[in-house]
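Notes follow the structure.
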Amino acid sequence: MFISNAYAQAAPAAADTSLMGNMSTFLPLILMFVVMYFLMIRPQQKRAKEQKSMMDALSKGDEVVTAGGILGKVVKVNESYITIEIANNTHIVVQKSSITTLLPKDTLKSL
């Protein structure tokens, strides 16, 4: 008397399995990857390419800054090492990959 009868309801309609339904599910993931590519991956690849071309273009007489902050003039260039003169008759040998910046000519004289 106090309890009403419970009847089963009809099954819900099948989910939309069209191409647009699947695409809208993955759209935020695809957009996130595209944004990450243009904000992080592409600029990093561009910087690496510029760094490699700068290292390949190093020659005797260039003024450089190493990763440790040492300024000097290139005296000798090998395949993977560079000899830098940091003071009169004071030379150090560093790896090419440790060169971070190529300075304009006569920068060391102004310091």
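The values are calculated or read from the model by the stated rules, or taken from the named source; none is laboratory data. Note that the structure is predicted; figures quoted are calculated from it, not measured. With ideal geometry, Cβ positions are generated from the backbone for all residues, glycine too; neighbour counts draw on all protein chains shown. Ligands, DNA and RNA are excluded from the accessible area calculation, which covers all protein heavy atoms including side chains. Shrake-Rupley method; radii C 1.70, N 1.55, O 1.52, S 1.80 Å.
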Out of the residues in segment 78-92 that are among the hydroxyl-bearing types (Ser, Thr, Tyr) and within 12 Å of LEU58 (Cα to Cα), state the one that is farthest from the chain's Cα centre (by Cα).
THR83
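Is it true that TYR7 is over 27 Å from the mean Cα position of the chain (by Cα), of a type in the set (Ser, Thr, Tyr) and either at pLDDT 90 or above or open to solvent by 90 Å² or more (accessible area, probe 1.4 Å) (or both)?
Yes.
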Yes or no: segment 40-53 includes at least one residue that is in contact with a helix residue (DSSP H, G or I) (Cβ under 7 Å, 6 or more places away or on another chain) and small (Gly, Ala, Ser).
no
Got at least one residue in segment 97-107 being free of Cβ contacts under 8 Å to residues at least 24 places away in the same chain and among the hydroxyl-bearing types (Ser, Thr, Tyr)?
no
